[in-house]
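Only the coordinates and a few stated rules stand behind these numbers; no lab work does. Bear in mind the structure is a predicted one, so any value in this text is a computation, not a measurement. Note that each Cβ is placed from the backbone with ideal geometry, even for glycine, and that neighbours are counted across all protein chains shown.
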Amino acid sequence: MKNSYLLIALCSMCFYGLGDVIFKIAARKGLPSHQFLLMQTIFFLPSALVLGLASSSIHFGIPFLFGMCAGVTLYFALLYFAISLSTGDVSVVAPVFRSSFILSATLAIIFLNEPLTLYKVLAFLLLVIAAFLLLSNFNSQMIHIAQNTHTKKTILTLAIATVLLGITGFIYKLGAVAGGNSISILIGQAVIFFPLAFISCYHKEKKIIFVWKYLYLGFSAALFLFLGLYFLLEALKYGPASTIVPISQMSFVVTTIVGIFIFKEKILWQKILGLACSIGAIILLAK
């Protein structure tokens, strides 16, 4: 089916959005980010290996190496994202984090010669407006709940997470262009993600800690991340990263809606207008 990669990218968007919600639940329960990421990886790596063995789709090569590179950038992106969520509103922090697609798309256009159409320009403009609307709300919210220095630190961690996620999205496209199957890239990522999670936990705690009562959160986050990433990689096989990555990373459409109804977050005009801009961008990117 023509442009079927758009539907696959929308599936990725939904699963990433649900994953962001799990991150916020973990932050609200006071679960340290390094412990939460550790609980994710103990599910993620075995799942990827089992799926790869069952489908006989494990292949070592350039795509696998790109997956390993993505494992490094994604781990630190998620680590800083989790830290940001400990003090920020999920319907604000998640949109800024997912706006990393701007960097991914820019890199794809520059280095992979993907077309820059008027529709894409308008879509990116709408998404930048949405991000600024939500970011202004973020700033005003943080001033009321923290000291100025603490607010700046939170914004800095969110900025680092966003840039790293943007680089990760571009690396995924490079892996897809290199001819790799999605499972090989996933396993390459998990192979690096796994030791990083253990090293970080040991560095923080001087021991490995599993918070067993929250193990279900680690499983849920790993499942949604796995599915979101799998669908993203599948879509990247057939379509341009400058279209697919923005749609996939607009998971905040799902996250914001869930945040308002589940977490009872305030419905502000900035959020409504930001969501409207995001939905308009999806329509333009589909053209």
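Could you list which residues have their amide H under 5 Å from that of A286, counting only those 5 or more apart in sequence or on another chain, with H placed in the peptide plane?
Long-range HN contacts for A286: none found.
Residue by residue, what Karplus-based ³J(HN,Hα) values in Hz, rounded to whole numbers, does segment 193-202 have, using 6.51, -1.76 and 1.60 with θ = phi - 60° and x for Gly and Pro?
Once θ is set to phi - 60°, the couplings for segment 193-202 become 4, 4, x, 4, 5, 5, 4, 5, 5, 5 Hz.
Quick one: Karplus J couplings for segment 98-113, per residue in order, coefficients 6.51, -1.76, 1.60, θ = phi - 60°, nearest Hz, x for Gly and Pro?
Calculated HN-Hα couplings, in order: 6, 6, 4, 4, 4, 5, 4, 5, 4, 4, 5, 5, 6, 9, 10, 6 Hz.
Given H placed on each backbone N at 1.01 Å, which residues far from M250 in sequence or on other chains put an amide H within less than 5 Å of it?
It is none; the list stays empty.
On a straight-distance basis, which lysines could pair with K287 in a cross-link, Cα separation under 23 angstrom, same-chain partners fewer than 8 positions away excluded?
K2, K120, K173, K237
Using modelled amide H (1.01 Å from N, peptide plane; none on Pro or chain starts), what sits under 5 Å from the amide H of H59, excluding residues fewer than 5 places away?
Amide H neighbours of H59, under 5 Å, 5+ apart: S184.
Could you please rank M68, M250, M13, placing first whichever residue has the fewest other Cβ atoms within 10 Å of its Cβ?
M68, M13, M250
With charges only on Cβ, +1 for K and R and -1 for D and E, what is the dipole size of the chain about its Cα centre, in debye, rounded to 20?
Around 440 debye, computed over the chain.
Show me, for segment 217-226, the HN-Hα J-couplings you get by feeding each phi into the Karplus relation (A = 6.51, B = -1.76, C = 1.60, θ = phi - 60°), rounded to Hz, glycine and proline as x.
5, x, 5, 5, 4, 5, 5, 5, 5, 4
Quick check: Cα centre of segment 202-229 to Cα centre of segment 110-125, how many Å?
36 Å
With 10 angstrom as the radius, rank S220, S4, S248, S278 by how many other C-beta atoms surround their C-beta, starting from the fewest.
S4, S220, S278, S248
Helix-only mean residue ellipticity at 222 nm, the chain, DSSP H runs n ≥ 4 weighted -39,500 (n - 2.57), per residue, nearest 500. What is it?
-28000 deg cm²/dmol
Between segment 31-76 and segment 170-199, what is the C-alpha centre distance in whole Å?
6 Å
Can you put K206, K173, K120 in order of Cβ neighbours within 10 angstrom, beginning with the fewest?
Lowest count first: K206, K120, K173.
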